[in-house]
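**Student:** Got a structure for you, written out below as structure tokens; questions coming shortly.
The values are calculated or read from the model by the stated rules, or taken from the named source; none is laboratory data. On a predicted model such as this, the values are computed, not experimentally measured, just so you know. Here the Cβ positions follow ideal geometry from the backbone for every residue, glycine too, while neighbour counts run over all protein chains shown.
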Amino acid sequence: MKATQAKDPTALALVASRSHRSPRLSGVKHTLNIQEEHPMGSVGLKIGFIANGGADLYMEPGPYTKSWDACAPEAILRGAGGCFTDIHGNPIHYGTNEVRNLHGVLATTKDCHERVLQALTGLCVSCEG
């Protein structure tokens, strides 16, 4: 597995939830001019899709994922060369009593992580989703 760079670095592909849609995701799509979207269920499936080179990013800006949704997928994505943080670029912490990822999750290929974080900062994304 290898989370690979897009052939055209300006053309990012997004993998998104089929059933939960954040208004901020539309803002990110517009800011980054994302035209390609792959809807699917399960955080694990989405991260696996990125790890296999099927998309460049997945974002859940709110506290809707839990530590058990993120832990194994993070290991897989990092093993494939990708990045997995909260939406502020900070590591996800698993050794706490809080099971919700309060500051959301951002999973990307390595080459686009900073660009996506900058877009999120420009949109004033908070942990509210």
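**Student:** Of everything in segment 23-53, what is assigned to a loop (DSSP other than H, G, I, E, B) and within 13 Å of the chain's Cα centre (by Cα)? Give them in sequence order.
**Tutor:** Across segment 23-53, the qualifying residue is only S42.
**Student:** Specify which of the listed residues (E60, E114) is of a type in the set (D, E) and either touching a helix residue (DSSP H, G or I) at 6+ places or on another chain (Cβ under 7 Å) or closer than 17 Å to V15 by Cβ (or both). Write out each step before concluding.
**Tutor:** On the way: E114 fails: either touching a helix residue (DSSP H, G or I) at 6+ places or on another chain (Cβ under 7 Å) or closer than 17 Å to V15 by Cβ (or both).
Within the list E60, E114, the selection yields E60.
**Student:** Also, quick follow-up: Filter segment 54-66 for residues that are outside any loop (DSSP other than H, G, I, E, B) and either modelled with pLDDT under 95 or buried (at least 16 other Cβ atoms within 10 Å of the Cβ) (or both) and give the result.
**Tutor:** Scanning segment 54-66 gives L57, Y58, M59, E60.
For every residue, the table says whether it meets (1) surrounded by fewer than 16 Cβ atoms within 10 Å (Cβ to Cβ); (2) without any contact (Cβ under 8 Å) to a residue 60 or more places away in the chain.
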residue: A70; (1), (2): no, yes
residue: E74; (1), (2): no, yes
residue: D86; (1), (2): no, yes
residue: H93; (1), (2): yes, yes
residue: T96; (1), (2): yes, yes
residue: G104; (1), (2): no, yes
residue: A107; (1), (2): no, no
residue: D111; (1), (2): no, no
